[in-house]
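Okay, structure first, notes after.
The values are calculated or read from the model by the stated rules, or taken from the named source; none is laboratory data. Keep in mind that this is a model prediction, so the values were computed, not measured. We place every Cβ from the backbone using ideal geometry, glycine too, and count neighbours over all the protein chains shown.
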Amino acid sequence: MDLSALTSLVISWQSLVILAVFGITLLIATYSTYAERVVAAFLQDRVGPDRAGPYGLLQPLADAVKLFTKEEFFPAGSNRALFVFGPCLAMTTALMASAVIPFGNTLLLNNGDVVRLQAIEVNIGMLYVFGVVSLGVYGLMIGGWASNNKFSLLGAIRAAAQAVSYELAMGMALIALLMVTGTLSLQKIALQQYDGLWNIVYQPLGFIIFIVCAFAETNRTPFDLPECETELVGGYHTEYSSMKMGLYLFAEYINVFVASAVMSTLYFGGFSFPGEHLLYNSLTSSQGELFAHNVVTILGTVVLFAKIFFFIFFFMWVRWTLPRFRYDQLMRLGWTMLFPLAILNIILTGAFILFFGSKAPKLDVSKEAAPTEIRTVARR
Amino acid sequence: MEQTIPEVIRTVPLQHYVFFAAALFSIGVLGVLTRRNAIIIFMCVELMLNAVNVLLAAFSAYRADPNGQVFVFFIMAVAAAEVAVGLGIIVMIYRNIQNTDVNLLDRLKW
Amino acid sequence: MLLATPVAYQPADYLPILIQFGLALAFVAFSMVVSHLVGPKRNSKVKDASFECGIESVGNARTPISVKYFLTAILFVLFDVEVIFMYPWAVNFRELGMFGFVEMLMFMGLLLAGFYYIIKKGILKWQN
Amino acid sequence: MLSIILLSVSGLANLFLGFLRSNRLILPLVLLVLAAVLAINIFDVDNSSAALAEWARTGYLRNMLFFDQYARVFTGVIVLTALLLLPFSQHYVQDDNPNLAEFYSLMLFSLVGAIMMVSYTNILILFLGIETLSIAMYVLAGSDKSNLRSNEAALKYFLMGSFATGILLFGVALLYGATGTFDLMQMGAAIRALPTADATLAPMMYVGILLMLIGIGFKISAAPFHFWTPDVYEGAPTIFTGFMSTVVKTAGVAGFFKLLVVAFGGDTIPFWLPTLTTMLVLTLLIGNVGAVAQTSVKRMLAYSSISHAGYLLLALVALRSGMLSANAIFFYSLAYSLATVAAFGVLQLVQNQRQREDYEGLNGLARTNPLLALAMTISMLSLAGIPLTAGFFGKFQLFNAAAQEGYIGLIVFAVVMSAIGIYYYLRPIIAMYMRPAVEGAEAPVPVTGLQSVVLVVLMGLTVLLGVLPGLLDGVLNVQ
Amino acid sequence: MLTALLLIWPVAAALLLHFVRGSAARALAFGASLVELVLALYAAFQFQTDYSLPHFELDYAWLASAGIHFHIGMDGLSLLLVLLTAFLVPLILLASFRHDYENPSVFYALVLFMQSGLIGVFVALDAFVFYFFWEVALIPIYFLAGVWGGERRVQVTLKFFIYTVVGSLLMLAGFVYLYYMTGASGAARSSDLAAFYNLQLSAQEQSWLFLLIFAAFAIKMPLFPLHSWQPDTYEQAPAPATMLLSGIMLKMGIYGTLRWLLPVVPLGVSRWVAPVMVLAVVGIIYGALIAIRQRDMKRLIAFSSLSHVGLMIAGMFSLTAVGLQGTVIQMLAHGVNVVGMFFIADIIERRTGTRQIPELGGLTRATPLLSVTFLVILLGTVALPLTNGFVGEFLLLMGVYQFNPWLGAVAGLTIVFGAVYLLRMFQRVMLGPDSSFSAVIRDLTGAELAVLVPLVVMVFWIGLFPGTFMHISEPAVNKLLVLINR
């Protein structure tokens, strides 16, 4: 691991992808705030934001300007360093999670280079997402504690307790999925679904557990106890203002985005879509392999985003439809329902695979691909 | 693929892992010996355990022997149990004396 | 079809994480600094007091909280570490086959016994 | 293996027993289980030559536990100790005690840990055993939640214990790096070969061995790593102090001995032996001198437990005498456990009634409770190593093993130390027999029938072993 | 088997006592001790052949793995001391009948228990058995003195205990070393007496071993300057305990030296014999001088005992046949005399409430029987010819004289001094000016006579027919001498 690897990486196409993923993440988060209002307005049959720009499309921009120019406020008795550090941590971890999500297959360039439409491919992608997202709760904790406000502290504690409670069931749901896929690489999981059925077919119960937990992990209604205004004013961000407040809000939407992307990838085929082989074969015969490959890849990316947007919409839909849990109900749901269900799911999955499934992993990607890795393949 | 992970780790010289782990461990030991806050002492102990984990994982990779990693799992599990018990004890003490400074605990002479 | 997955992972594969981290840090720092420079600053004693719905704030904000939260955290630590054991097992589930399944059933049985015990012990009774 | 399974399962089941309305059932059931384990232990052995050959062949990853005669015998000591100690916890058995089942379950679990520590053939199991034992004991040490001394004991025990675990584990990691295995036999073979085979790895191995010695030194409270012991033993509820100073010590020393003999034996012995010898000398000195200065019986027993760790180290230092050492450890730990159980049992009963644990608390006990006084006397004499009690032959066997290896200087030192010991072991006897009861404490201490029977059994065993030590000769023949 | 029976019977009786309350306890204890005496006498009459060989042996593998056997048996020397023990214990028990001790069953059980320990010491033929009983004998006396003793009993008995145990631990260390040396030539290790006798050790080793082992014996006897526990303990212990201590327990040290020290490390003995002799003689003078200044009867007897023991040690270390024979006879004589002396002191104290010599006087008028017995025993102690003391001390002095005439001359002072302080005590207490007690004091009762008459008989028996006993001990002593001079 020397410096040259880093420099070559910085100036490569891959770094462009990283930048793009970063930008898209921010963009989607930004427009999620807009979408939230529009969806809310739609569901409540009223007019949403419509002043800033056409259909209010510039509303996020206006929000940003407002947040930037608001007064920076430090409550008395707060721990200043931690007060700033909290939102920063929440935002940083949120931004990092999207790095391992495969937004598409590869693009082949004319000069023979291959561009992977994924910022970072690591063999432990799933663990990475989990790890980084789990760190996010520290941001809430630190912020809530540093505020020197009883509401904030309570909100922070709730956030932590809730996050850890649901993370357990989420991890268990994931384990059942891992038993099916046999790998932790998000990209491999996505590619496996290229050929076969989507994992939702094998893991319906797991998906339900996962999505419920995803709601809780992102502190979205009906699990937004850490910030429920009826009880805790603003929860952990009661004392926050200006861009620090903005970072918390942003982080939440980024988490929603990441959760949607992960769910799409894990359970709904990621960037695969029905008929891709057909399209690839027909295009290959007419336009050549390179073109066909690129078109399928881009289409796949588009499809993936469609799936992601659907889940984001689903998040909002639920928010404006369901009432909030009471805190003890929330904890009981997590511990006494989801946790045993997740274990049951694991056992069922295991039994099913053992008695009906084949011995080999569903799709052994490593065997299918050329052992000499993609770069060589592309330089033909 | 399983065989390749050790190769990856082996691109870094073993000494680096050993020195790193030793440094981490020493920091932990120093912390235990010099700090007076029970929670910080406790965190330093965890640091020591994690140094051990790093070292074991590195050795495991260099020897292409899974036993070391299995050991790491067990250390983590045991450490979790220790965390549970240890934090419980610290909370219990905090409830009684509203502090976690070990110097305040002088009901029993050393 | 050309697949995007490398066969062998290199430490360099993890390098982009650093770049991503740098980017995130840059963004966060940027927004912090800008909002700090742009926003107005007018402090007063009343304004700085911590917010308690307009009522004068009472006592220390960092008060001890219900021990249930603590218990939840402890339980999480324990169970989460048990879950760690399942990750390698799940990834290699097919190779381990029946033997691994039965072993894990025993493990989960113990886990559930403990789980049932703590539920019975009233961990989720928030009323008392 | 059966004993471990039975103990674990009954420990778990016992937890659920706590949900019953009445707690009366728990103690009898636990005693029953322990008796059953003791009985099972007799058959729970796989020391046939075929099993040994199988172990030598597969060794690796499998057969991490091995129930040879050594494991079985020490399991017997451990379980017997627990069985005899538990009746003195009867005062805990009250229906309004919500944590009763947990106490006993933790005890059972810690026994599992102790058994693992004497039956391991893989460092992993040693580590797990130590931790299973220790973690349960951390909780039990602090089980008197509202008592600040108990809290403090728990915290100190916990911090020092986990610190020791860290050191121990770092040693394990280094040894693994040097030898590439956790299997005790393979590690032993690798360590014997290493100094010549691979000089670069040798320093790592030496550091690893030293760190492991230190870590285990902490666990068995050998000086200079003993400083937590008096506080913890004094602060913890008496019954658990009794448990700590018997079961934990026996398991620790037996496990340590196995480690030293199997893994660290051979040419490396001269490397670490000076360290161990220094520990031994310091332990004896600090244990005995410290005990003299105490005013609390409990604290005196804590120091006495340190000093007994020192005597046991004598057998470890003399490990090259092989079976002689193993036998000595076995006999001594049995004698020591019996005597200590009796001492803590009596102390617990006296404490229940008189609410004090200093020497004055024992005043006049001979008049009010002759049985308790006699039990305490025999126990003290046994701890002091006076003939007619098991302690004498325990010490004799230790010295015998040490003399076999020519450590005459150490023996003389140990003898001088046990002479000091006699002084403080006589003090409870003086208090009980030669001083009148303190004002207001003239009432007899209540003793249940079961407790009386146990005390008689303890006395009987101590005297029996003191008169006919040959009974246990050769119990440990196969290793 | 008979030896084992001698050991077990008192223990069994002691356990039986647990079920008896009050005065029945002492009756039972007394009965048991009589049975023991009968057993011992039976053993004495069963001795038909050579007195130098152990009889009634029992050899049981005690710790087989270590080569330690429970080996016991009696030769002439052992027999004499067993007889002495069996003879004195009933008398001591009888002597205590006047006292009302708290918890009599425990008290008498301890006495019987101690008897077993004492006999065990005298019959042990294995070093560890010897050590075992050596310590076993200590425990009951500790409790007897500590629980039923005088005001300062706690400190005094603790001092006594620590003193003795430290000594015996040193002895144990010596034994352990010897035990190891038996295996040095590749033979199986053994702690048997015979194995010890066969050892070939260097002078240097023997010199150290002598110090280690002799420490225990010297403390027990006690040899000046290790005696500081003795007067206090004798004074504070209850009368029966004092009698046990002085009458029998003291002999453990001398017996141990004879049996376990002199023949085992002869080279060590020759290295240290001179200092020991000097200390012994110093002890004689010192004990006598202090005794002269004592006002307390018990303390006076204690110091006189110290003085007499000094002579025994000196005689023993003369390493001559007469010296050793004298030691044996004097052990018996001293046992009889000192028990009698302490008993009489106890009687007087009980009657008058004081032991202070100046407060007493003129008791003889009302108590002719007491006076006579007192005088007889006293003269025995002073070593008047025809009494038991004379035989022993004469032989001892002969021995010392053979060793070194000057020392012999100085040691001879013991008789002179003894006459001075003992006769002065008698003169002051029994004769002298009348005190407030002289009229009211009662003479001996039947029970007291029952104690004193056998003692008086023994005083004359040994004094007139010492051959009865020397005949028994002589072969054994000669055998020892052979071993010592090898």
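Key figures for this structure:
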{"quantity": "From D:85, D:31, D:27, D:15, residue being of a type in the set (A, V, I, L, M), more than 23 Å from the chain's Cα centre (by Cα), modelled with pLDDT of 75 or more and assigned to a helix (DSSP H, G or I)", "calculated": "D:15"}
{"quantity": "Restricting the stretch D:113-130 to residues that are buried (at least 24 other Cβ atoms within 10 Å of the Cβ) and facing chain B (nearest Cβ under 10 Å), the residue that is nearest to residue D:230 (Cα to Cα)", "calculated": "D:130"}
{"quantity": "In the stretch D:157-197, the residues that are closer than 30 Å to residue D:139 by Cβ and outside any helix (DSSP H, G or I)", "calculated": "D:182"}
{"quantity": "Residues of the stretch A:79-91 classified as over 20 Å from residue A:29 (Cα atoms) and within 8 Å of chain C (Cβ to nearest Cβ), total", "calculated": "1"}
{"quantity": "Subset of the stretch A:59-93 [of a type in the set (Phe, Trp, Tyr), touching a residue at least 60 places away in the same chain (Cβ under 8 Å) and not in a helix (DSSP H, G or I)]", "calculated": "A:73"}
{"quantity": "Filtered residues of the stretch B:56-90 (kept if touching a Gly at 6+ places or on another chain (Cβ under 7 Å) and either within 7 Å of another protein chain (Cβ to nearest Cβ) or more than 19 Å from residue D:122 (Cβ to Cβ) (or both))", "calculated": "B:56, B:59, B:63, B:65, B:89"}
{"quantity": "Cross-chain or 6+ apart pairs with Cβ under 9 Å, the stretch A:237-256 first and of a type in the set (Phe, Trp, Tyr), then surrounded by fewer than 24 Cβ atoms within 10 Å (Cβ to Cβ) and not in a helix (DSSP H, G or I)", "calculated": "A:240/A:73; A:240/A:234"}
{"quantity": "Residue in the stretch E:40-52 that is free of Cβ contacts under 8 Å to residues at least 24 places away in the same chain, more than 20 Å from residue E:221 (Cα to Cα) and of a type in the set (A, V, I, L, M, F, W, C) present", "calculated": "yes"}
{"quantity": "Residues being within 7 Å of chain B (Cβ to nearest Cβ), touching an Asp or Glu at 6+ places or on another chain (Cβ under 9 Å) and crowded, with 24+ Cβ neighbours inside 10 Å - total across the stretch D:155-180", "calculated": "4"}
{"quantity": "Any chance residue D:125 is over 15 Å from the mean Cα position of the chain (by Cα) and assigned to a helix (DSSP H, G or I)", "calculated": "yes"}
{"quantity": "Members of the stretch D:210-229 that are in a loop (DSSP other than H, G, I, E, B) and among the polar types (S, T, N, Q)", "calculated": "D:221"}
{"quantity": "Candidates A:126, A:91, A:141, filtered to the one that is crowded, with 22+ Cβ neighbours inside 10 Å, farther than 30 Å from residue A:77 by Cα and not polar (S, T, N, Q)", "calculated": "A:126"}
{"quantity": "Those residues of the stretch C:103-128 which are more than 10 Å from chain A (Cβ to nearest Cβ) and farther than 23 Å from residue A:164 by Cα, in sequence order", "calculated": "C:103, C:106"}
{"quantity": "Subset of the stretch E:18-60 [over 29 Å from residue E:125 (Cβ atoms) and either surrounded by fewer than 14 Cβ atoms within 10 Å (Cβ to Cβ) or over 21 Å from the mean Cα position of the chain (by Cα) (or both)]", "calculated": "E:18, E:19, E:20, E:21, E:22, E:23, E:24, E:25, E:26, E:27, E:28, E:31"}
{"quantity": "The stretch A:306-335 - residue that is surrounded by 15 or more Cβ atoms within 10 Å (Cβ to Cβ) and within 11 Å of chain C (Cβ to nearest Cβ) and, of those, farthest from residue A:270 (Cα to Cα)", "calculated": "A:327"}
{"quantity": "Within the stretch E:14-39, tally of residues that are assigned to a helix (DSSP H, G or I) and touching a Ser or Thr at 6+ places or on another chain (Cβ under 8 Å)", "calculated": "4"}
{"quantity": "Odd one out for residue D:404, checked against (1) more than 23 Å from the chain's Cα centre (by Cα); (2) facing another protein chain (nearest Cβ under 7 Å); (3) farther than 20 Å from residue D:282 by Cα", "calculated": "(2)"}
{"quantity": "Matching residues, the stretch C:85-102, being more than 9 Å from chain A (Cβ to nearest Cβ) and either within 19 Å of residue A:134 (Cα to Cα) or touching a residue at least 40 places away in the same chain (Cβ under 8 Å) (or both)", "calculated": "C:85"}
{"quantity": "Exclusive hit being buried (at least 20 other Cβ atoms within 10 Å of the Cβ) and more than 19 Å from the chain's Cα centre (by Cα), set A:280, A:240, A:248", "calculated": "A:240"}
{"quantity": "Subset tally (residues that are part of a loop (DSSP other than H, G, I, E, B) and within 18 Å of the chain's Cα centre (by Cα)) for the stretch A:200-223", "calculated": "5"}
{"quantity": "Residue among D:247, D:207, D:281, D:232 that alone is assigned to a helix (DSSP H, G or I), in contact with a helix residue (DSSP H, G or I) (Cβ under 6 Å, 6 or more places away or on another chain), surrounded by fewer than 23 Cβ atoms within 10 Å (Cβ to Cβ) and not small (Gly, Ala, Ser)", "calculated": "D:207"}
{"quantity": "Matching residues in the stretch E:138-169 - criterion: being touching a helix residue (DSSP H, G or I) at 6+ places or on another chain (Cβ under 8 Å), without any contact (Cβ under 8 Å) to a residue 24 or more places away in the chain and more than 7 Å from chain D (Cβ to nearest Cβ)", "calculated": "E:142"}
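This table checks each residue for (1) at pLDDT 70 or above; (2) more than 7 Å from every other protein chain (Cβ to nearest Cβ).
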{"site": "C:8", "(1), (2)": "no, no"}
{"site": "C:15", "(1), (2)": "yes, no"}
{"site": "C:20", "(1), (2)": "yes, no"}
{"site": "C:28", "(1), (2)": "yes, no"}
{"site": "C:35", "(1), (2)": "yes, no"}
{"site": "C:41", "(1), (2)": "yes, no"}
{"site": "C:46", "(1), (2)": "no, yes"}
{"site": "C:57", "(1), (2)": "no, yes"}
{"site": "C:61", "(1), (2)": "no, no"}
